[in-house]
Amino acid sequence: MQNKDRRQRQRTTIRKVLLYIRNYWIFLILSLLLAVVTVVSTLYLPILTGQVIDQILGPGQVDFARIGGILLVMGIVIAVTALAQWLMNVCNNKITYGVVRDIRRDAFAKIEILPLKYIDGHSHGELVSRVVADVDQFADGLLMGFTQLFTGVLTIVGTLGFMLSVHVGITLVVVLITPVSLFVASFIAKRTYTMFRKQSEARGEQTALIDEMIGNQKVVQAFGQEEKVLRQFDEINERLTHFSLRATFFSSITNPSTRFVNGLVYTGVGVVGSLVAIGGGITVGQLSCFLSYANQYTKPFNEISGVVTELQNALACAARVLELIEEEPQTPEPADAAVLTGVSGNVTLDQVYFSYTADQKLIEDFNLKVEPGQRVAIVGPTGCGKTTLINLLMRFYDVNSGRIAVEGKDIRKVTRGSLRENYGMVLQETWLKNATIRENLLMGKPEATEEEMVAAARAAHAHSFIRRLPKGYDTVIGEEGGSLSAGQRQLLCIARVMLCLPPMLILDEATSSIDTRTEMKIQNAFAAMMQGRTSFIVAHRLSTIQSADVILYMQGGRVLEQGSHQQLLEKDGYYAKLYRSQFAV
Amino acid sequence: MRKLLVYMKDYRKESVLAPLFKMLEAAFELLVPLVVAAMIDVGIAGQDKPYILKMSLLMVALGVIGLVCSITAQYFSAKAAVGFAGKLRHSLFAHVQGLSFGELDTLGASTLITRMTSDINQVQSGVNLVLRLFLRSPFIVFGAMVMAFTIDFKAALIFVVTIPLLSVVVFGIMLISIPLYKKVQGRLDKVLGITRENLAGVRVLRAFHREKQEEESFEAANYDLTHMQNFVGRITAVMNPVTYVIINSALMALLYTGAVRVDAGILTQGQVVALVNYMSQILVELVKLANLIITVTKAVACGNRIQSVFEVENSQEQLAANASQDTAFSGNVDRPGHAGRGQELPLAGQIPVVEFRHVSLTYPGAGAATLEDVDFAAYPGETIGIIGGTGSGKSSLVHLIPRFYDATDGQVLYRGRDVRSLPVKELRSKVGIVLQKAVLFEGTIEENLRWGKEDATKEELQAALNTAQAAEVVAGKEDGLSEQVSQGGRNFSGGQRQRLTIARALVRKPEILILDDSASALDYATDARLRKAIGELPDQPVVFVVSQRTSSIRQADKILVLEDGAVVGMGTHLELLKNCQVYQEIYDSQYQDRMEVLRNAE
C-alpha cells in the first residue's frame, strides 16, 4: 500500500518534471537521436575490428586491400561517434541546466509570494536547501539519467542485437551469466544497507553533539567541561568508526564482486566462442568482437543500478522543490484591488479574531480605532505578542474574522504593495540587505536624491558613522549586516524609514541593541518623525508609554487591557502592576 | 594535508597492504589477454579443445585470486581510512577544546563544525580511494604497455605515443575545468545568498514592496549560474569524444601494424587480439584515474582546511612557574601606585580577590584597543558594577578574569597572582560566569546544573536554584530536576534559561561570580529579588554585574563606568550621579529623577 503510494507520488513527480522538460523538447529529441547514433556506431566498431582481424590470418595471408577499406570505414565511424557524443553532451547540459534554472526561478518566485505563515513555520535553512542543494542534486541525477540510463539501455539492447546476429549460442552464455552480477550486487547492497543506516545514525548523533558543543565552546570552557565533553564525543566516535568500517567495507565489496562476475562472462564467451570457432561457427575476428561485447554488455548493467538509485534520489529532491513550488500562495489580490492613496492615518480594527493555529486562540474580539496622528503604545512582557499585531497591520497575516481598515478601506481589498508603502517599519531584528549602505537606504524610495538620503541619515544619527566607513555610503554591508554593530544596524534601519516617511509608522523601540544614551538621541528623531503620523510603538520607555494616546497591554498574544495611561492606572490591572514593578522606584 | 598523515601512523601496515593487494589484483587482470591470445593461437588454431578448457579454468582461477586480493585490499583500505578519520575527528575535537576564546572567535563555530563533519568525511573517502585506486590505475596503464612490449616491440610503440596523448587530454581538460567549477560554485553561492536573504528579510522586503526587484536580481544570478554551467559543460563534454578518437585511432594503427607484422610472420592473430584488449583496458583506467584525481583534489582541499585548524595554536601562554611564585609572594607587598588608594578602600590591607593593573586589551586584527588602562581592585564580598554603552568593553573586561582572553598590556591578578601563572582549569574553577547568551545543553536540568560542580548534592543544587530565582522554573516542570532540556534549551523561555544558567554558575559556589548582562530577560522584580539573594550568599563571593540598566548595579560597592574601553568613572551610585557625566546621562536616559535622588541623598 505504502509502496503503491510512493510509486504514485513518484509518477506525479515525473509528470511534473516532464512538464519542465517540455520547453526543451527540441534538444530532448536531438539528444535521443544522437544517443541512438552514438550507441549504434560504438557497437559497430568491434565488428569492424573483428573484420580486420579476420583479414590477418597468418604470414602471407593478409588482405591489405580489404583492411584498408575497413579501416577507412572505421575512421568514419569513429568520427561520427565522437561528434554525436559531443553534441549529445551539449544537448543534455542544455536541457538539464535549463530545467534547473526554470525550477529555481519558479521556486524563488513562489518564495516571494508565500504567506508569511509558511516562511515563519519552516526553517529557513531547509527552504534554502530545497532551492539550492535539492535542485543541484536533481540536476546531477537528471544529467546522469540522460547520459547513462538511456544510452545504457540502448547499449544493452544494441549489444544483444549485434550478438544475436553473429551467434545465438554465445549470446545465450552472456545473457545467462550476466544476471548473476546483478544478483550479487543487490545481495551485497541489502547487507550493507543496515550498516549504512547505523552509520548515518551515529553520524547524526555526532553532528548534533559537535553542533551543540562547538557552537557553545565558550560555555564548555568556562565550566571546564572539556574532558567530559571529549569523553562523550569519543564514545560516539568509536561507534561511528565501528559502523563506518563495516559500511565502507561491505559496500566496497560490490565492485570486485561484479568485476569477478564480468570476468566469468568473459571467460564463458572465450571458452564457448573458441569451441565454436574450432567448429568453424565463427571466425576469430567475430570472437574478438564478442569478447569486447562481453565487456560492454555487463558494464551498463552495473551502472544502471547506480543510476536508478541516483534517479530515485533525484526524484525525491525534485518532489521537495515541487512541493515548495506548488505551495498555496498568499491570498491573491482581488482583481479590483484599489491602490491605497491619500492616507492620513485612520486605522480601525473591527471585531478582529486571530490565531496562528486553530487550537490556540490568541486575539479575540479586538476593537481599536486610531485617529490620524495618534500614538498607540504596545506594552507587555517579552513574547507578549507584539509581533502578532504588527503581522496583522502589515497584512503579513490575514485576520481570521473581523476586519482591519485603513481610511475605512478593508486592507484585504487594497493592494498589498500600496498598504505596506504607507507604513514605515523599524523592527527590533535589524535586517539589512547584503548590498551597499546606499542601496539599503534607498530601498523604500529608490528615486531619492543624494541630499535627501544624507538628510535622512543625519536625522537618524547614522551619517557620522557612515562617513567614517571605508567607502562611506558605498560600503558594502556583509551578509546580515556582518561588519556593523547591532546599534549601527538599527540606526540604518531608522534612516531607511526616515527617507520615505510614510503616513503611518510601526516602531519597535529597540532597547536591546542600542544603549540608552544613544537611544535618547534617536528619540528626538523619532519624535520628529511621529509628529502628525499615526504610530504603533512597541514601547519600553516610560516616557513613550505615558505620552501615548492609547496603550495596549498584551500578554500571551492577547490584548488584555486598552486605554490611556491614566485610565489603565485607575483600572489597577495588569498595566498598573507592570508600571509599579518597573518604573515606580 | 601532509601533517594530517601522522594520524595514519597506526595504520601503516594497512596502508601498505591495501595498495599492494590492489596491485596484485591488477597484475592478474593483466594476464587475462595473454591467456585469451593463447586460446586463439594454440587452442583454435590447433583445434585443441582440452587446451581451451584448461585455459578457461586458468582464467577462472585468475579471477578468483583477483577477487580474493581485491577484497583483502578493500578491507585494509576501509580499515585504514575509517580509522584515520576517527582519529582525526578525535584529535580535532580535542584540539578545539583547547583553543582560547580569541582563536574560537577568529575561526568561528560554523567553520569548525563543517571542518569536523563534512570535511573529514571527504578526507575519509579520499584516503579510501587513494589506497584502492591510486596505484592500481597507473599500474594497469603502464602494465598494459609493458605487456604490449612483451608481445611486440613495434606495436608497443603505439602505446608509448597513445598513453601520454591520452593523459594530456584527460588531465588537461581536468586542469581547465576545476577552476571553472570553482566559479560555478561561487555563482551558486550567490543564488544561495539571495535566497537566504529573502527568507531572513521577508518582512522588510515586503514592507518596502521589493518582491519584483528581488525576483529580478535572483533571475540575473540564476542566469549567470546557468550560463557558467553550460560553459563548463561544453568544455568537459569534449573529453569523452576526444579520448574516444585517440584510443580508436591508436586501435586502427595497431590493427594496421598488426596486419603488417602478421604478414611478415612476426606476430600471430591471437597476439593482435591481445594487443587490442590491452588498448581498451587503458582507456577505462585513465578515466577512473581522472575521476579519482577530482575526488583527491577535493579531499586534499578539505584536508588543508582541517590542517589549518590544527595550526591554530592556543596563543595563551602560561607564565613560568617561578615567575608565578614571585607574584604570589609579592602580591600584597609590591603594589606601587595602589598604596594611596588603599586608604579609601574599606578592606585595605587585604589581598584583593581580583585586581586589574593598567590593563589594556586589543583584539587581534582590531584597529583600536577594546580596553585601555583599566585599573581597579575587588575585595572579598564586594560587588562590582560595570556599566556603559554597547561596545564600550564591558563584557571584554569581565572575560579577562577567567582568562577567556589575555590582556595585551598590564596584568590581571587573582589573589595577588598573575592569572597567566595559574593553570587555566584551576582559575576557572573559582569563577562562576553567566554569559549574555543563555545556553543550556541537551540532557536533564540536573545534568546541566552539574556542569557547575560534578558532585554537587541535591541540597546544593536546590540552594543554587533558590538563589537564582529558578526554583519555580524547575517546580513548574513535570519531572522537576529530571526534566529533559532539548538542544539549545529551546523548550525553555529566555527568562527561564537565564535563571537556570545563573543557577548553574552558582552551584560551584564560586569565589568570583560574573553576571554578564545576564538578567536582561528578567523583569525588574525578579531581577531585584535575584540581586538580593546573591547579596545574601553565605560564601560572600566577589560579584561582577555587567549591565546597561542602572537599576541592576546601583547597589554595587563600586561601579565602573566604561566608555570606548576607558574607565570614565569609578565609585558608588551616588558618587557617580554627582560627578560622572557619562553615568548621569545613562541614568537620565532611564529615569527622570536624578536631581531629586541627589537632593534626597544630601
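None of the figures in this text is laboratory data; all of them are computed from the coordinates on show. Keep in mind it's a predicted model, so treat the numbers as computed, not measured. Cβ sites come from the backbone with ideal geometry, for glycine too, and all protein chains shown count toward neighbours.
General observations
- Global size of region B:504-602 as Cα Rg and Dmax, reported in angstrom: 14.3, 42
- Whole-Å semi-axes of the protein assembly as shown's equivalent ellipsoid (Cα gyration tensor): 72, 38, 25
- The angle between the Cα long axis of helix B:49-97 and the longest principal axis of the Cα atoms of chain B comes to about 10 degrees, rounded to the nearest 10.
- Shape class for chain A: prolate, because the ratio a/c of the largest to smallest gyration tensor axis (alpha-carbon atoms, square roots of eigenvalues) is 1.5 or more and a/b beats b/c.
- Dipole axis of chain B (+1 Lys, Arg; -1 Asp, Glu on Cβ), positive-most option in B:A264, B:G381, B:F139: B:A264
- For the pair B:E536 and B:T297, label points projected 7 Å from Cα toward Cβ lie 7.0 nm apart.
- Bridges between two residues of chain A, per DSSP, are antiparallel at a rate of about 55%.
- The mean sequence distance of close C-alpha pairs (under 8 Å, at least 6 residues apart), as a share of the length of chain A, puts its relative contact order at 15 percent.
- Residues listed by number, region A:289-322, amide nitrogen under 19 Å from A:R15 label point at 7 Å toward C-beta: A:315-322
- If the chain linking B:K182 and B:V597 were pulled fully straight, counting 0.36 nm for each residue of separation and taking away their Cα-Cα distance, it would gain 142.9 nm.
- Shape summary of region B:432-509, radius of gyration then Dmax from alpha carbon positions: 10.7, 28 Å.
- Under the criterion of Cα pairs below 8 Å and six or more residues apart, the relative contact order for chain B equals 14 percent.
- Calculated FRET efficiency for the pair B:H358/B:L5, C-beta based, R₀ 35 Å, to 0.05: 0.15
- Modelled label reach - A:H242, point 7 Å along Cα→Cβ, region A:181-199 residues with backbone N closer than 14 Å: A:195, A:198-199
- Share, in percent, of DSSP beta bridges within the protein assembly as shown that are antiparallel, nearest 5: 50
- Distance histogram for region A:432-500 (every C-alpha pair counted, 5 angstrom bins, percent rounded to whole numbers): 4, 20, 34, 29, 12, 1
- Given R0 = 25 Å, the distance between the Cβ atoms of A:T341 and A:A528 translates into a calculated FRET efficiency of 0.55.
- Residue order, fewest to most beta carbons within 10 Å, for B:W451, A:W25: A:W25, B:W451
- Projected label distance in nm at A:L160 and B:E459, using a 7 Å step from Cα toward the beta-carbon: 8.4
- Listed from fewest to most Cβ neighbours within 10 Å, the set B:T297, A:T171 follows the order B:T297, A:T171.
- For chain B, the ratio of Cα radius of gyration to the globular rule of thumb 2.2 N^0.38 Å stands at 1.46.
- Region A:209-239-region B:230-249 distance, computed between alpha-carbon centres (Å): 49
- Mean Cα-pair separation over length for region B:432-509, i.e. relative contact order, pairs under 8 Å, 6 or more apart, %: 54
- Shown for B:S518, A:S129: other C-beta atoms within 10 Å of each C-beta, ranked fewest to most, produce the order A:S129, B:S518.
- Residue-averaged 222 nm ellipticity for the protein assembly as shown, from DSSP H runs of 4+ at -39500 (n - 2.57), nearest 500: -20500 deg cm²/dmol
- Other residues within the sphere of radius under 13 Å centred on the Cβ of B:P402, judged by their own Cβ, net out at +3 (K and R +1, D and E -1).
- Note on A:K386: lysines with a C-alpha under 18 Å away, same-chain residues under 8 apart excluded, are A:K117, A:K361, A:K369.
- Net charge over other residues, Cβ less than 15 angstrom from the Cβ of A:G68 (K, R count +1; D, E count -1): -2
- Charges were assigned to the Cβ only: +1 to each Lys and Arg, -1 to each Asp and Glu. The resulting dipole of the protein assembly as shown about its Cα centre is roughly 2660 debye.
- The A:V184 and A:Q312 beta-carbon pair, evaluated with R₀ = 30 Å, returns a calculated FRET efficiency of approximately 0.90.
- Zone of B:F310's modelled label, taken as backbone nitrogen in region B:1-22 under 20 Å from a point 7 Å along Cα→Cβ: B:1-16
- Centroid-to-centroid, using Cα positions, region B:53-93 and region A:404-460 are 65 Å apart.
- When each of B:K13/B:K288; A:K228/B:K477; B:K190/B:K212; B:K394/B:K437 is checked by Cα-Cα distance, pairs over 21 Å: B:K13/B:K288; A:K228/B:K477
- Neighbour net charge for B:L92 - beta-carbon separation under 13 angstrom, K R +1, D E -1: +2
- Mean-position separation - Cα centroids, region A:546-565 and region B:556-594, in angstrom: 33
- In degrees, nearest ten, helix A:486-500 long axis to first principal axis of chain A (Cα): 80
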